[in-house]
Amino acid sequence: GADWLGHGYFWRPCPSPQEAGGEPQTIENAAGNAMNDFDVLEDRFHRLRQARVLAADYALLREHFPGLRGCSEPEVDSWLVENAAWLSEGQVRRLRPGGDHHELLGLGEKLAHFVEETSARSGIRLRSGGRAATFLVGDRYAIDSDGSLLAEMLDVKGLGVHERADLSSPRVTGFLCLADALRELGLQRLLQRLIDLDGLAGCFGTVPFYALLDTGLAYKGTNPATGWDGERCVLLVRQRQSRLLDSYEGMNFSGICPDSVHAAGPGRALRGLLHRWGMSAEFEPRALFHLPDGSASDGAEGDALLADQEGTWNLQADAPCTHFMDFSDYYALPRSPLPEAWRMSETALRHAFSLERTPMTRRALACPPLAERLWGSRDAAEAAAACEAVRRELSGRKEIRDAAALLDESGLVRPSKPKYCMCWFMELDDSEFSRWCMRTAKAFHDGQTATDLGLLAQIEAWLPTSRP
């Protein structure tokens, strides 16, 4: 239901400039250590004048918000725009003349066409929440007899940064663009379907999305967060939730579960589910190293695989680690038992391993069945030569060079992670679903209407209906 996912808020005073060495302290809620972040009650969110609903799960909205049960779909759309279509003051500053995004979005003198700066409301910016904030529906709340906050809430992703956010990286844009939003929306619905099919809904789940909204804003040139041109800026509306803070000692990053957390409990169960279905959210898909020789499926199980966390998982969870979120870094392997639309090609897998960091490539070369699958030989020297040939061939492609983080003096792509994604497996994902996300974003940019897109219906058509 719409019950709170997690625990209460973590409040602490934001250090004054005097305490912070004379300068206002930046808040690392865009990217960085959550110990330098806060749960913040933030004011001056401004209304988006051109916002509209692109897709909505009307059944889920009516289930979670009883006041919508007698409303038509256009009435629900109006309710969503009223309660979710807002942009932070920190983001609006970046859109004004002189701001780093004013020219990128080609706004000229048109900011007032998109943003109603005289309007203002407050929201709650969760620690590690990044470009998201939580709004109280209708700005209404109550306090019950034991002092607990009672309110209907919507969490909105893509509404911009806090005005004191750390913006040292140009990739901290504060926006969410359509292709990434579609990827996250589709993968969340896929993962929840797998949880349901495997009978695990009583153990853990996902934070569901209610709707996808267009802000009316779009990049005129290149989005520094993705390297793509002309991207539309959108909002994803999801269930309210908390964020994991595992320890008050050391690094806590964006609610990501450390190995010790997902070595047991829901994290271990989720990793087991992903392995069974041939999926991963790892920098390196370790299931490929545990498959039986000659296996026809990338779906895998076993205690040895679950104990192997060398691939470095990007699993983000709420405070009790029972609901997972942020799914854009998930991908499906070529021989996954999932429907074909979700699976990357063998070519993409080979290219990814050939471009990845040297230690990762060496591990693949040291696994004869995997080396043969990727580069055609179980002999390590022959496979290494084939791997090098693939990397050199790929270096001749402009799109690969543009996506690469490191090039040598001759323009050869150096083994490393890509510039914009956590790994080449995600960057090169050429599944039908991934290509649909990009194609749909381009079609929308070229002028198609939301009705033409049929977003949720297409995702639903690709979801599995039974276990393999």
In the set Leu217, Leu306, which member is surrounded by fewer than 21 Cβ atoms within 10 Å (Cβ to Cβ) and at negative phi? Leu306
Pick out the one residue from Val156, Val207 that is surrounded by 16 or more Cβ atoms within 10 Å (Cβ to Cβ) and more than 27 Å from Ala332 (Cβ to Cβ). Val156
In the range 159-174, residues that are crowded, with 24+ Cβ neighbours inside 10 Å and in contact with an Asp or Glu (Cβ under 7 Å, 6 or more places away or on another chain) total 1
Residue by residue through the range 402-414, note down the ones that are within 14 Å of Thr358 (Cα to Cα) and buried (at least 19 other Cβ atoms within 10 Å of the Cβ). Val413
Please verify whether the range 290-302 includes one or more residues that are surrounded by fewer than 21 Cβ atoms within 10 Å (Cβ to Cβ), at pLDDT below 90 and among the aliphatic types (A, V, I, L, M). no
Cβ-Cβ under 9 Å pairs, at least 6 apart or on other chains, the range 98-127 side within 24 Å of Tyr219 (Cα to Cα) and outside the structural domain of Ser169 (by TED's automatic domain parsing), far side in a loop (DSSP other than H, G, I, E, B) and at pLDDT 95 or above: none
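Each row is one residue, and each column tells you yes or no for (1) over 17 Å from Val237 (Cα atoms); (2) assigned to a strand (DSSP E or B).
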{"residue": "Arg94", "(1), (2)": "yes, no"}
{"residue": "Pro97", "(1), (2)": "yes, no"}
{"residue": "Glu109", "(1), (2)": "yes, no"}
{"residue": "Ala112", "(1), (2)": "yes, no"}
{"residue": "Thr134", "(1), (2)": "no, yes"}
{"residue": "Asp146", "(1), (2)": "yes, no"}
{"residue": "Asp155", "(1), (2)": "no, yes"}
{"residue": "Gly160", "(1), (2)": "no, no"}
{"residue": "Pro170", "(1), (2)": "yes, no"}
Can you work out which of the residues in the range 227-276 that are buried (at least 18 other Cβ atoms within 10 Å of the Cβ) and among the hydroxyl-bearing types (Ser, Thr, Tyr) is modelled with the lowest pLDDT? Ser254
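Which one of these is at pLDDT 95 or above, in contact with a strand residue (DSSP E or B) (Cβ under 8 Å, 6 or more places away or on another chain) and not assigned by TED's automatic domain parsing to the domain that holds Ala218: Arg350, Arg401?
The match here is Arg401.
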Report whether or not Cys177 is more than 25 Å from Leu107 (Cβ to Cβ) and either at pLDDT 95 or above or surrounded by fewer than 23 Cβ atoms within 10 Å (Cβ to Cβ) (or both). no
Taking the range 402-418 and the residues there that are hydrophobic (A, V, I, L, M, F, W, C) and outside any loop (DSSP other than H, G, I, E, B), the one that is nearest to Ala389 (Cα to Cα) would be Val413
Name every residue in the range 355-401 that is within 28 Å of the chain's Cα centre (by Cα), assigned to a helix (DSSP H, G or I) and of a type in the set (Asp, Glu), in order of residue number. Glu399
Do you know which residues across the range 174-215 are among the polar types (S, T, N, Q) and either in a helix (DSSP H, G or I) or closer than 17 Å to Leu60 by Cβ (or both)? Gln188, Gln192, Thr206
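The values are calculated or read from the model by the stated rules, or taken from the named source; none is laboratory data. From a predicted model like this one, the values you see are computed outputs, not experimental measurements. Positions of Cβ are backbone-derived with ideal geometry, glycine not excepted, and every protein chain shown enters the neighbour counts.
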